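**Q** This is the structure, below, for whatever I ask next.
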Amino acid sequence: MLPGVGVFGTGSTARMLVPLLRGEGFEVRALWGRSEEEARSLAQELGIPFHTSQSDDVLLHPDVDLVCIYISPPLTRQIAVKALGIGKNVVCEKAATAVDAFKMVTAARYYPQLLSIVGNALRFLPAFVAMRQLLAEGYVGELQVCDARVYGPSLLDQSYGWTCEELMGGGGLHTVGSTLVDLLSHLTGARAIRVHGLLRTFVRQNGAIRGIRRVTSDDFCFFQMLMGCSGRGTGSGVCCTVTLNFNMPGAFVHEVMVVGSAGRLIARGTELYGQRNGGNGEELLLGDSEGAGQEVKDVPLPHLRGLGSMVKALKDAFQAQEERRSWVRGPVAMASTFEDGLYVQTVVEAVKRSSRSGEWESVEVMTQEPDPNQNLCEALQRNKN
């Protein structure tokens, strides 16, 4: 039996998620928006029977058993933790900080019978599912290098908001880079040990954001990751590079390439290509049978296709169960867990430290929540000295 769904968010992803859920048979019962007006407008547009700007109204709704959270990162932890605490399954976006991500992990461990996944839809994109399978089968031989490139227009909203603020989870590194960190670890079966990065903000003001307000989130980011040894890489680990540029007009570019001792695989958009050493050229290994005509403004096609595949996996996880909140792990086994989310946020924060220090930074995932007074104590100590 499929659960009733409550959706948090009124942005482009939430707007696309609702018809995808309905297409697989889910009933979207409730919608939350930052304001009553936002919630009402989208609920009327999409035909959702209940809307509100009060989070508890969705969480306590008797017909809502699965909560999908696609809102600004600073609010994600609060709602995800509360949802698990009252027995609701959760699919959510990334948290704002590693501390928030750790609190989400703690909540998920308390309620292991509930679904708790980070909605990184790229893991479900057929091109990356096929790439991971081919890597396991040895298509490229010993994996050596991964290279990812994402170029596109600005990520900033039309008005000043969280996308403008680095501390609120805005910027290319947190918004897009985090999904690539997660994807590369998923593909390689390894995690980053050390990182080195460079972040820049080229557009600090524009026609809508000016005066005393300035953009602090990055619109250009380049970082390297040295991944730990895995069964698919060499003894010295896998080298990964990621380049993000959101000052690029024109067509959106999304490419992920893996290179090994025997060949390479490259996912361009939603299609997968491969070439073995000594081959006559690239071969198309997996095309996009749906074509490119369904791309939606503000939702890149790889994310849209991946989101659709993720919703299908959710349906398979729930539909064979008699209870609305019961699910089986198999169909969503490839999903990013809250533990994966904590690792990814740790890498993101290490890249930010590296950009400030100019040095390689270690990736050390926290195992206990830090003292909330630690930063204050450190600041007082520096002033004393």
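**Q** Net charge near L114, counting Lys/Arg +1 and Asp/Glu -1 over other residues with Cβ under 9 Å of its Cβ?
**A** Result for the local shell: +2.
**Q** May I pose another question? Rank F223, F124, F50 by mean-square fluctuation in a GNM of the chain with C-alpha springs under 10 angstrom and give only the top-ranked residue.
**A** Of F223, F124, F50, the Gaussian network model singles out F50 as fluctuating most.
**Q** Whole number please: convex hull volume per residue of the Cα set in the range 1-49, in Å³? Show your work: numbers first, answer last.
**A** Values: hull volume 3.0 nm³, N = 49.
Normalising the Cα hull of the range 1-49 by residue number yields 62 Å³.
**Q** Please give the contour-minus-distance gain from F202 to T216: 0.36 nm per residue of separation, less the Cα-Cα distance, rounded to one decimal in nm.
**A** Working it through step by step, the gained length comes to 4.1 nm.
**Q** If one computes P(r) from the Cα atoms of the range 1-92, what percent of pairs lie at distances over 16 Å?
**A** Looking at the range 1-92, the distances longer than 16 Å represent 45 percent of pairs.
**Q** May I pose another question? Taking only protein heavy atoms into account and a 1.4 Å probe, give the accessible area per residue of the range 70-175 in Å².
**A** 37 Å²
**Q** Most mobile of A130, A121, A96 per a Gaussian network model of the chain (Cα springs, under 10 Å)?
**A** A130
**Q** Among D57, D219, D65, whose mean-square fluctuation peaks in a Gaussian network model of the chain (Cα, cutoff 10 Å)?
**A** D57
**Q** Leaving ligands, DNA and RNA out of it, work out the accessible area of H174 with a 1.4 Å probe and give it in Å² to the nearest 10.
**A** Result for H174: roughly 0 Å² accessible.
**Q** Computed from the coordinates I sent, mean projected area of the Cα convex hull in nm² equals one of (i) 21.1; (ii) 39.1; (iii) 22.7. Tell me the label.
**A** Given (i) 21.1; (ii) 39.1; (iii) 22.7, the structure-derived one carries the label (i).
**Q** Take every Cα pair under 8 Å in the chain that's 6+ residues apart, average their separations, divide by the length, and report that relative contact order as a whole percent.
**A** So the answer I get is 20 percent.
**Q** I want to check the label-to-label distance for T367 and S35. Put each point 7 Å from Cα in the C-beta direction and report it in nm to one decimal.
**A** Taking the two extended label points, one gets 4.8 nm.
**Q** Where in the chain lies the longest segment free of trypsin sites (Lys or Arg not before Pro) that are both loop residues by DSSP (not H, G, I, E, B) and have at most 10 other Cβ atoms within 10 Å?
**A** 1-296
**Q** Using +1 at the Cβ of each Lys and Arg and -1 at the Cβ of each Asp and Glu in the range 1-85, identify which of G6, L84, G33 lies farthest towards the dipole's positive end.
**A** L84
**Q** Also: So for the range 1-112, averaging the separation of alpha carbon pairs under 8 Å that are six or more residues apart and normalising by length, what relative contact order in percent results?
**A** 25 percent
**Q** Now for a separate question. What percentage of the solvent-accessible surface of the chain, computed with a 1.4 Å probe over protein heavy atoms, is contributed by carbon and sulfur atoms?
**A** Ligands and nucleic acids excluded, carbon and sulfur reach 50 percent.
**Q** Follow-up. Please compute the net charge surrounding K82, taking Lys and Arg as +1 and Asp and Glu as -1 over other residues with Cβ under 10 Å from its Cβ.
**A** Combined, the nearby Lys, Arg, Asp and Glu give +1.
The values are calculated or read from the model by the stated rules, or taken from the named source; none is laboratory data. The structure presented is a predicted model; accordingly, all values stated were derived computationally and were not measured. Using ideal geometry, Cβ is built from the backbone for each residue, glycine included, and neighbour counts are taken over all protein chains shown. Surface areas here come from the heavy atoms of the whole protein model, side chains and all, with no ligands, DNA or RNA. Shrake-Rupley method; radii C 1.70, N 1.55, O 1.52, S 1.80 Å.
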